[in-house]
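J.: Attaching a single structure in structure tokens format; questions to follow.
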Amino acid sequence: MLGMLLARRRWNALWRDALLVSSKDLRIEFRSRVTTTQVAPYAVLVLVLFGFAFDQDQNLLTKAAAGLFWVAVLLSSLLAVQRSYAIEATDGARDSLRLSGLDPAGIFLGKTLAVVAELLILEVLLGFGVVVLFGIQLHDPALLVVTCLAASVGLAAAGILYGMIAAGLRVRETLLPLLILPVVAPVLLGATQAWMAALGTAGGGTDGWRWLSLLVSFTVIYIAAGSLAFSILVEES
Amino acid sequence: MNPKADTQPADAAGGGVSVSPVSPGVGGAYEPEVSPTVPPAPAWPGGTSDRVTRILGVSTLVTAALTAWLGLVVTPPDKVQGQLVRLIYVHPAVATMCYAGFGLCALASLAYLWPRTRSRRWDRLAAASGEVGVVFCVLTLVTGSIWGRPTWGVWWTWDPRLTITALLCAVFIGYLALRRTGGDPDALAKRSAIVAVVCVLLVPVDHEATTWWASLHQTSTLFRANPLIHGEQLYTMLLSFVAFGLGFAWLVLHRYRVEVLEDRYSEEGFDAAISERRAEGGVLTAANRASDGVAL
Amino acid sequence: MEPVIRFRSAVAFAGRFPVLAGVDLDVAPGDVMLLRGANGAGKTSILRAAAGLLRVVSGEARVLGSDLAVDQRAVRRKVGLLGHASGLYDDLSVSDNLKFALRSSGVSPTRASYALDTLGLVGRLEATPVRSLSAGQRRRVALAVLLARDPDLWLLDEPHAGLDADHRDLLDGLVKSAASRGKTVVIASHEADRAEPLAGHIATVAGGVVVEVAPGPARRDAGDAASTAEVERVVA
């Protein structure tokens, strides 16, 4: 009984810390507008470049739209994660975060939530982009939206975990993509297949919801691993 | 002030502040465990080899030579695959050693992260087996590709096993890059251990993803027809596992010992650095005292 | 009484460089300890180790009853560090920074207005993003965070740097007031004329060790009413 009460307390404190950190990160983003003025244009630019690379072949672009969309999201998520750590690196903010005694798992969840929010906004924008640029039609909006949610949480959780691992290293900018890109390959595969099913561009036999279950298991693994790993990573000096 | 005094009685009037000055040039309370002038005797004089590694190395060479002889000369070519079948004496064993390396790396990392079993040993083992695993992983991809060219007609195919091996290879190359970043060895060990454990946790997800994906494109029907092996072929293949297994152990052991030597080297460096740091204080203190005239 | 800080042969590294090479130091509750010494002597590292930010790899390090070798996190909420870096977010306003710092250390944000008032950060300054503040103003914001948190152990690294004369006086008052309320203060400074009058004890740091500890001018005896009254005046 007492144990349950304590666990509940810790749980509440964890989410309180997470919301505190995510609202702080989002407030900084809102003030500095780096995501809207730099990351979003970058993501749309990537889509336009795909149009150049595919030589205006509308059939090919429509067929590849799901994959191109998720490659663009993946590349932007790298920037979002780097930005998320850049704001902690200024003027000893990382030390003050450690000194504050916030629950490390709360810091992890909070930073992840903030990146998820940014990614979802980017995905809406990129969604318009693929509809306009690549001429696709939406068949199953529910699957599209749920896929975006699951994939964004997975990408953000993995990114924030590896971002923390690379944080403070001299080579973090080059190391981070090397660490993140191979491990998020299943997210790219799963989200692309689910989207192809939802856009009706997949060949027969692709079950989008089955791919979604794969995305969910990836996400669960990273949320659990990140929450545990952060207490180790925040404490190392 | 008595320069030999290590401690002085507590200053009772001053709110219980006890004073324990460390006199310049007199050692003080900190005594390096290993004196910088007397390095500890290395366990393996003249490098990282001793009797165990020599026996391992010689038996690796002998079994490898025997495998080569059996595989290239004694065993017959396959009815379907012809001479190509001889890769079966290399590729499966190499791939197994690659997975053994990554598995060992993850287990050692887990043992390092577990507070009760935390020890530098596990970190060294993880570093050694991860690195050897990457070597075998590259060999796996190369031999798989060589096998694939005549069988499938292409150097690369998105076969699930090949894809997942390539992904693991990329992940562990990232792991090795992280290991090279230096800094505080304990912090680095923790970071690396987390990377190794998490990416092995992901193997089932990767496996599912690549398998479903491949099944959509029917590459699995292209999958190589496994030749029937029997008799001397079977023995030769088993011998190849022994040869590569011994080679794996040999490399890991050497690599582990290199880590031990590096640790020892930096520990010696630490003790010397501490002595130097304290000496630097001694000089400055004398100067300060002369200029400020502070008396205790 | 158990000392608030107790270091015995404490060794700590920054990378491969031993910043602390066997520090012995005791700081009693309610004391104001001044750490003095040349640049790179190890003053900042002592403060960081006491805050649980720099790991002590050998020797003993206890702060506020917690063994830092076992748990560095235990002391964090009871310790306040005013460092070279302000620990503020450039894009947030002064009051947002203060509120985040207080909420994250579990202190009620209602204390924010008192701290802002005391440090003269009211009106236009309150809503200004920290990036457009001067170095001295940033320092005052960091000081406001410390004052609002009012931790048991104050660790001040060159606190006078960048402050104007009025705010230096204010800082001195805050330090005295904290000590009179039973808080422990450790100041690292090489501005001897400024910091020494505050000090109950003066520790000389050199080469990563504490070379000697001497009593300082502000050594407090029981019932030091005069200084408390003076403090109240300065703070008000």
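J.: Take C:Leu147 and decide whether it is in contact with a Ser or Thr (Cβ under 9 Å, 6 or more places away or on another chain) and in a strand (DSSP E or B).
T.: For C:Leu147, the condition - in contact with a Ser or Thr (Cβ under 9 Å, 6 or more places away or on another chain) and in a strand (DSSP E or B) - is not met.
J.: Those residues that are in a loop (DSSP other than H, G, I, E, B) and either in contact (Cβ under 8 Å) with a residue 12 or more places away in the chain or more than 12 Å from chain A (Cβ to nearest Cβ) (or both), I need them from the stretch B:150-193; list them, please.
T.: If the condition is that a residue be in a loop (DSSP other than H, G, I, E, B) and either in contact (Cβ under 8 Å) with a residue 12 or more places away in the chain or more than 12 Å from chain A (Cβ to nearest Cβ) (or both), then B:Gly153, B:Val154, B:Trp155, B:Trp156, B:Thr157, B:Trp158, B:Asp159 are the ones that fit.
J.: C:Leu198 versus (1) modelled with pLDDT of 90 or more; (2) closer than 21 Å to C:Val32 by Cβ: which is the lone unmet condition?
T.: (1)
J.: Right, something else. Restricting attention to the stretch B:194-230, report how many residues are exposed (fewer than 14 other Cβ atoms within 10 Å of the Cβ) and modelled with pLDDT of 85 or more.
T.: So the count comes out to 1.
J.: On to the next question. Just to be sure I understand, how many residues within the stretch C:76-92 are free of Cβ contacts under 8 Å to residues at least 60 places away in the same chain and surrounded by fewer than 21 Cβ atoms within 10 Å (Cβ to Cβ)?
T.: Residues flagged as free of Cβ contacts under 8 Å to residues at least 60 places away in the same chain and surrounded by fewer than 21 Cβ atoms within 10 Å (Cβ to Cβ) within the stretch C:76-92 amount to 3.
J.: Would you mention how many residues in the stretch C:7-27 are surrounded by fewer than 21 Cβ atoms within 10 Å (Cβ to Cβ) and either within 19 Å of the chain's Cα centre (by Cα) or not aliphatic (A, V, I, L, M) (or both)?
T.: Number satisfying all stated conditions: 4.
J.: Still on this structure, please answer the following. Only one of (1) farther than 24 Å from C:Ser93 by Cα; (2) crowded, with 23+ Cβ neighbours inside 10 Å; (3) β-branched (Val, Ile, Thr); (4) away from chain B (no Cβ under 14 Å) is not met by C:Val175, so which one is it?
T.: Of (1) farther than 24 Å from C:Ser93 by Cα; (2) crowded, with 23+ Cβ neighbours inside 10 Å; (3) β-branched (Val, Ile, Thr); (4) away from chain B (no Cβ under 14 Å), only one is false for C:Val175: (2).
Residues checked against (1) within 24 Å of B:Leu239 (Cβ to Cβ); (2) surrounded by fewer than 21 Cβ atoms within 10 Å (Cβ to Cβ); (3) modelled with pLDDT of 85 or more:
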residue	(1), (2), (3)
B:Val74	yes, yes, no
B:Leu110	no, yes, yes
B:Arg124	no, no, yes
B:Gly144	yes, no, yes
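J.: Moving to a separate point now. Considering every residue within the stretch A:154-172, establish whether at least one is touching a residue at least 60 places away in the same chain (Cβ under 8 Å), over 12 Å from the mean Cα position of the chain (by Cα), on the phi < 0 side of the Ramachandran plot and in a loop (DSSP other than H, G, I, E, B).
T.: Yes; the residues of the stretch A:154-172 include at least one that is touching a residue at least 60 places away in the same chain (Cβ under 8 Å), over 12 Å from the mean Cα position of the chain (by Cα), on the phi < 0 side of the Ramachandran plot and in a loop (DSSP other than H, G, I, E, B).
J.: Determine whether C:Ala218 is away from chain B (no Cβ under 14 Å), surrounded by fewer than 22 Cβ atoms within 10 Å (Cβ to Cβ), touching a Gly at 6+ places or on another chain (Cβ under 9 Å) and small (Gly, Ala, Ser).
T.: For C:Ala218, the condition - away from chain B (no Cβ under 14 Å), surrounded by fewer than 22 Cβ atoms within 10 Å (Cβ to Cβ), touching a Gly at 6+ places or on another chain (Cβ under 9 Å) and small (Gly, Ala, Ser) - is not met.
J.: Enumerate the pairs (first residue in the stretch B:60-76 and outside any helix (DSSP H, G or I); second residue anywhere and surrounded by fewer than 19 Cβ atoms within 10 Å (Cβ to Cβ)) with beta-carbon separation below 6 Å, excluding pairs fewer than 6 apart on the same chain, so at least 6 apart or on different chains.
T.: B:Thr75/B:Glu232
J.: Take the conditions within 30 Å of C:Gly207 (Cβ to Cβ), hydroxyl-bearing (Ser, Thr, Tyr) and crowded, with 23+ Cβ neighbours inside 10 Å and apply them to C:Ser66. Does it pass?
T.: So C:Ser66 does not fit the description; no.
J.: Filter the stretch C:118-133 down to the residues that are within 14 Å of chain A (Cβ to nearest Cβ), in a helix (DSSP H, G or I) and aliphatic (A, V, I, L, M), then identify the one that is farthest from C:Leu146 (Cα to Cα).
T.: C:Ala127
J.: Condition first: farther than 10 Å from C:Val94 by Cβ and of a type in the set (Ser, Thr, Tyr). Now tell me which residues in the stretch C:115-131 satisfy that.
T.: C:Thr118
J.: Filter the stretch A:173-227 for residues that are part of a loop (DSSP other than H, G, I, E, B) and small (Gly, Ala, Ser); which is farthest from the other protein chains (Cβ to nearest Cβ)?
T.: A:Gly200
J.: For the stretch A:157-173, what are the residues that are farther than 17 Å from A:Thr219 by Cα and of a type in the set (Gly, Ala, Ser)?
T.: Across the stretch A:157-173, the qualifying residues are A:Ala166, A:Ala167, A:Gly168.
J.: What are the pairs, 6+ residues apart or on separate chains, where a residue within the stretch A:89-111 that is more than 10 Å from chain C (Cβ to nearest Cβ) has its Cβ under 8 Å from a residue that is of a type in the set (Phe, Trp, Tyr)?
T.: A:Ala105/A:Phe230; A:Phe108/A:Phe230; A:Leu109/A:Trp15
J.: Need pairs with beta-carbon distance below 6 Å; first residue of a type outside the set (A, V, I, L, M) and within the stretch A:32-52, second surrounded by 18 or more Cβ atoms within 10 Å (Cβ to Cβ); sequence gap 6+ or separate chains.
T.: If the second residue must be surrounded by 18 or more Cβ atoms within 10 Å (Cβ to Cβ), the pairs left are A:Ser32/C:Asp91; A:Thr35/A:Glu29; A:Thr35/A:Glu118; A:Phe50/A:Leu68; A:Gly51/A:Leu133.
J.: Which members of the stretch B:255-265 meet the condition of being in contact with a Lys or Arg (Cβ under 7 Å, 6 or more places away or on another chain) and not aliphatic (A, V, I, L, M)?
T.: Within the stretch B:255-265, B:Tyr256, B:Glu259, B:Asp263 qualify.
J.: Turning to a different aspect of this structure: Residues in the stretch B:150-172: is at least one under 13 Å from the mean Cα position of the chain (by Cα) and at pLDDT 90 or above?
T.: yes
J.: Name every residue in the stretch C:100-117 that is of a type in the set (Ser, Thr, Tyr), within 13 Å of chain A (Cβ to nearest Cβ) and not in a helix (DSSP H, G or I), in order of residue number.
T.: Listed by number, the list holds a single entry, C:Ser105.
J.: When C:Arg73 is evaluated against the numbered criteria (1) surrounded by fewer than 23 Cβ atoms within 10 Å (Cβ to Cβ); (2) within 17 Å of the chain's Cα centre (by Cα), which criterion, by number, is the only one it fails?
T.: (2)
J.: For the stretch C:76-96, which residues satisfy the criterion of being more than 10 Å from chain A (Cβ to nearest Cβ) and over 14 Å from the mean Cα position of the chain (by Cα)?
T.: C:Val94, C:Ser95
J.: Right, another one. Tell me the residue from C:Arg55, C:Arg36, C:Arg16, C:Arg48 that is within 9 Å of another protein chain (Cβ to nearest Cβ) and at pLDDT below 85, please.
T.: C:Arg16
J.: Could you check the stretch C:166-210 and list, in sequence order, the residues that are farther than 24 Å from C:Ala144 by Cβ, of a type outside the set (Ser, Thr, Tyr) and not in a helix (DSSP H, G or I)?
T.: Those that are farther than 24 Å from C:Ala144 by Cβ, of a type outside the set (Ser, Thr, Tyr) and not in a helix (DSSP H, G or I): C:His190, C:Gly200, C:His201, C:Ile202, C:Ala203, C:Val205, C:Ala206, C:Gly207, C:Gly208, C:Val209, C:Val210.
The values are calculated or read from the model by the stated rules, or taken from the named source; none is laboratory data. This one's a predicted model, so the numbers in the text were calculated from it and none came from an experiment. Virtual Cβ from ideal backbone geometry, glycine too; neighbours counted across all protein chains shown.
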